[in-house]
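**Student:** Please see the structure below; I have some questions.
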Amino acid sequence: MLGEDQEPGSYYVGVDVGTGSVRAALVDQKGVLLAFADQPIYKWEPQFNHHEQSSEDIWTACCVVTKKVVQGIDLNQIRGLGFDATCSLVVLDKQFHPLPVNFEGDSHRNIIMWLDHRAVSQVHRINETKHSVLQYVGGVMSVEMQAPKLLWLKENLRETCWDKAGHFFDLPDFLSWKATGVTARSLCSLVCKWTYSAERGWDDSFWKMIGLEDFVADNYSKIGNQVLPPGASLGNGLTPEAAKDLGLPAGIAVAASLIDAHAGGLGVIGADVRGHGLACEGQPVTSRLAVICGTSSCHMGISKDPIFVPGVWGPYFSAMVPGFWLNEGGQSVTGKLIDHMVQGHAAFPELQAKATARCQSVYAYLNSHLDLIKKAQPVGFLTVDLHVWPDFHGNRSPLADLTLKGMVTGLKLSQDLDNLAILYLATVQAIAFGTRLIIEAMQGAGHSISTLFLCGGLSKNPLFVQMHADITGGNGKNEQSWESCVSQT
Ligand SMILES: Nc1ncnc2c1ncn2[C@@H]1O[C@H](COP(=O)(O)OP(=O)(O)O)[C@@H](O)[C@H]1O
Ligand SMILES: O=C(CO)[C@H](O)[C@H](O)COP(=O)(O)O
């Protein structure tokens with residue numbers, strides 16, 4: 001919205017770092033999208049369940065996309081810049097140089113990604129403490145959060161990484177530091193991934209109990225002892241060095257960052273739906289669930305008072321919408337699971353060739369193929385004999401069990417394109433059932449959710465959206481009308 005102090009003709013740049021790529025958007029003062037660019041980023045999997053990235057590679061990609069979106073505009077009209085990113089752990093030494101997070105000693109790979117599950121033993125021990133901070137992450141800490149990863153580094157890479165480390169950043173906070181030189185952390189990342197409380201700050205007893213008393217001793221300087229609300233203006237804005245890298249004027253305002261799912265949640269949960277004849281018009285914002293569907297899916301619901309939902313992260317105060325509590329359900333792999341199932345099938349080369357011949361994406365081709373083979377039945381009935389359990393990378397919510405694995409039942413001696421299309425459908429349905437289980441857990445604990453707002457790469461897939469509407473809408477527990485609104489971040 002145009003604030004009173006904003007002149008017309010102002011531009012803003014937003015940079016979104018997902019798991020697979022970096023995207024930049026240029027918007028005007030009304031939030032209208034004027035330009036968009038994206039750039040893939042590198043990922044390494046040196047061993048099973050170890051996932052790493054490079055902060056230098058990601059910063060370079062941020063610079064490429066930012067330069068592209070501001071091409072041809074008057075740079076002096078740019079008023080602000082903001083970042084969001086996945087909640088991956090960036091490690092730097094005392095001089096802010098990258099440190100290796102791997103046994104190979106490769107310092108280029110200085111990020112342990114959010115989906116890395118190397119710290120299984122560490123998270124198990126953290127959960128055995130039953131410390132009170134765990135109440136604020138759904139009762140069970142996830143291996144995808146930062147405390148187990150930090151403990152893993154201390155126990156496994158003591159000399160090459162831990163002893164030399166000067167700064168541990170969540171990726172969104174690394175980016176705002178890189179742009180401004182300010183090491184302040186965002187309340188969003190510290191509350192959601194690091195056990196910081198917006199009301200009580202750090203809990204010394206937790207860090208001492210899990211064997212990371214080092215942080216208490218140095219007054220949390222390595223993980224953040226200055227905390228700002230997301231959107232707060234950082235220091236003196238963009239430094240001359242970062243300005244040169246990004247192709248922007250020095251000194252423009254840079255905002256304290258958000259985690260990617262939280263940026264998506266903030267973007268869609270308050271969407272103005274007036275004038276479309278939707279049943280959710282006039283309903284409170286607390287009746288909406290934002291589902292951010294990319295590599296993973298994140299289910300963001302807010303409330304005025306804290307709601308404790310077993311197996312669902314939070315409640316987190318002011319971490320997404322200021323003044324509201326947030327619960328965050330999630331499925332660790334959704335887009336990644338669909339890609340895995342489709343690309344690993346024997347008929348994938350045939351699918352690729354046919355989709356390319358029609359100038360379609362493989363998913364658009366599969367969706368039309370399902371329409372062709374469903375005959376008179378609704379498409380969902382094609383999977384009466386084939387079922388998928390989607391927890392190939394454990395269950396984030398509501399079971400909070402990282403040991404769970406995926407399953408497929410009903411396999412036949414067929415590997416043709418029909419078989420691939422039906423397996424794809426069953427995978428999408430399984431993911432939608434997972435969302436339904438998360439909603440039921442949230443409703444059972446006191447949320448009152450009646451509308452889903454989807455965004456992210458998977459929301460471009462009409463079958464994914466339709467299955468979510470069909471499967472979550474018919475749970476019989478919701479007296480209110482149910483609908484899925486789609487918007488894209
Ligand atoms: N047009 C599309 N149709 C179907 N699926 C899509 C489409 N575009 C992207 N996706 C899926 O969305 C996922 C990536 O979403 P994205 O939001 O870019 O992820 P991330 O933020 O994690 O990098 C991928 O699994 C991809 O297959
Ligand atoms: O844990 C998360 C948010 O709390 C996200 O799943 C993680 O950041 C990855 O997001 P994406 O699937 O959009 O790349």
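Laboratory data are not the source of any read-out in this text; all were calculated from the coordinates shown. Remember, it's a predicted structure, so these values are computed and weren't measured experimentally. Cβ: placed from backbone, ideal geometry, glycine included. Neighbour counts: every protein chain shown.
**Student:** Rounded to the nearest 5, what % of the DSSP beta bridges within the stretch 272-489 are antiparallel ones?
**Tutor:** Counting DSSP beta bridges with both partners in the stretch 272-489, the antiparallel share is about 65 percent.
**Student:** Another question, if that's okay. Over what distance in Å are the Cα centres of the stretch 259-273 and the stretch 330-381 separated?
**Tutor:** Going from one Cα centre to the other spans 28 Å.
**Student:** Looking at the stretch 1-94, which chymotrypsin sites (Phe, Trp or Tyr not before Pro) are DSSP coil and have at most 11 other C-beta atoms within 10 Å of their C-beta?
**Tutor:** Answer in residue order: Phe48.
**Student:** Using DSSP to call loops (not H, G, I, E or B), can you name the trypsin sites (Lys or Arg not before Pro) in the stretch 183-277 whose Cβ has at most 10 other Cβ atoms within 10 angstrom?
**Tutor:** For trypsin sites (Lys or Arg not before Pro) across the stretch 183-277 that sit outside H, G, I, E and B with at most 10 neighbouring Cβ atoms in 10 Å, the list reads Arg200, Arg274.
**Student:** Starting from the Kirkwood Rh over alpha-carbon pairs, what translational D in µm² s⁻¹ does the stretch 58-187 have by Stokes-Einstein at 25 °C and 0.890 mPa s?
**Tutor:** Estimated via Stokes-Einstein, D reaches 149 µm²/s.
**Student:** Give me log10 I(q)/I(0) at q = 0.16, 0.17, 0.21, 0.30 Å⁻¹ for the stretch 336-391, Debye formula, one equal scatterer per alpha-carbon, no solvent.
**Tutor:** Ignoring solvent entirely, the Cα scatterers give -0.58, -0.66, -0.95, -1.20.
**Student:** Can you compute the charge dipole magnitude of the stretch 86-161 about its Cα centre, using +1 on each Lys and Arg Cβ and -1 on each Asp and Glu Cβ, nothing else charged? Give it in debye, rounded to the nearest 20.
**Tutor:** Taking the Cα centre of the stretch 86-161 as origin, the dipole is about 200 debye.
**Student:** Restricting everything to alpha-carbon atoms, can you work out Rg to Rh for the stretch 272-489 with a Kirkwood hydrodynamic radius?
**Tutor:** 0.99
**Student:** What is the stretch 46-89 by shape, rounded, prolate or oblate, if you read a ≥ b ≥ c off the alpha carbon gyration tensor as root eigenvalues and call it rounded for a/c under 1.5, prolate for a/b larger than b/c, and oblate otherwise?
**Tutor:** It comes out prolate by the Cα gyration axes.
**Student:** For a Förster distance of 60 Å, can you work out the FRET efficiency between the beta-carbons of Leu278 and Glu159, rounded to the nearest 0.05?
**Tutor:** After rounding, the FRET efficiency stands at 0.55.
**Student:** Using the beta-carbon distance between Tyr42 and Met407 and R0 = 35 Å, what value does 1/(1 + (r/R0)^6) give for FRET efficiency, to the nearest 0.05?
**Tutor:** 0.65
**Student:** Work out the P(r) tail for the chain: percent of alpha carbon pairs separated by more than 46 Å, whole number.
**Tutor:** Result: 9 percent of Cα pairs exceed 46 Å.
**Student:** Under a Cβ-only charge scheme (Lys and Arg +1, Asp and Glu -1), can you give me the dipole magnitude of the chain about the Cα centre, in debye to the nearest 20?
**Tutor:** 460
**Student:** Give me the distance between the Cα centres of the stretch 131-200 and the stretch 396-430, rounded to whole Å.
**Tutor:** With the stretch 131-200 and the stretch 396-430 each reduced to a Cα centre, they are spaced 33 Å.
**Student:** Using alpha-carbon pairs under 8 Å, 6+ residues apart, how would you state the relative contact order of the stretch 285-439 in percent?
**Tutor:** Rounded, it is 23 percent for the stretch 285-439.
**Student:** Farthest toward the dipole's positive end in the chain, which of Gly267, Gly251, Thr160, given Cβ charges of +1 (Lys, Arg) and -1 (Asp, Glu) about the Cα centre?
**Tutor:** Gly267
**Student:** Which three extents, in whole angstrom, do the alpha-carbon atoms of the stretch 8-75 cover along their principal axes, largest first?
**Tutor:** Largest to smallest, the principal-axis extents are 52, 18, 13 Å.
**Student:** To continue, here is another question. Starting from the Cα of Leu34, step 7 Å along the direction of its Cβ; do the same at Glu128; then give the gap between the two resulting points in nm.
**Tutor:** Placing both labels 7 Å beyond Cα along the Cβ direction yields 5.7 nm.
**Student:** Ok, one more. Roughly how many debye, to the nearest 20, is the charge dipole of the stretch 11-256 about its Cα centre, given +1 on each Lys and Arg Cβ, -1 on each Asp and Glu Cβ, and no other charges?
**Tutor:** The calculation lands at about 320 debye.
**Student:** A further question follows. Of Phe169, Leu337, Ala179, which is farthest towards the positive pole of the chain's charge dipole, taken about the Cα centre with +1 and -1 on the beta-carbons of Lys, Arg and Asp, Glu respectively?
**Tutor:** With unit charges placed on the Cβ atoms, the residue in question is Leu337.
**Student:** For the chain, give the share of DSSP beta bridges that are antiparallel, in percent and rounded to the nearest 5; count only bridges with both residues there.
**Tutor:** 65
**Student:** Which of the trypsin sites (Lys or Arg not before Pro) across the stretch 283-339 are loop residues per DSSP, with 11 or fewer other Cβ within 10 Å?
**Tutor:** Lys304
**Student:** Under 26 Å Cα-Cα from Lys208, which lysines qualify once same-chain neighbours fewer than 8 residues away are excluded?
**Tutor:** Filter leaves Lys94, Lys130, Lys149, Lys154, Lys164, Lys193, Lys222.
**Student:** Taking the Cα atoms of the stretch 258-300, report the difference between the largest and smallest coordinate on each principal axis, in whole Å and largest first.
**Tutor:** Taking the Cα atoms of the stretch 258-300, the three principal extents are 32, 17, 15 Å.
**Student:** Run a plain Debye calculation on the stretch 11-256 (Cα atoms as equal point scatterers, no solvent) and give log10 I(q)/I(0) at q = 0.09, 0.15 Å⁻¹, rounded to two decimals, same order as the q list.
**Tutor:** The computed values of log10 I(q)/I(0) come out as -0.39, -1.03.
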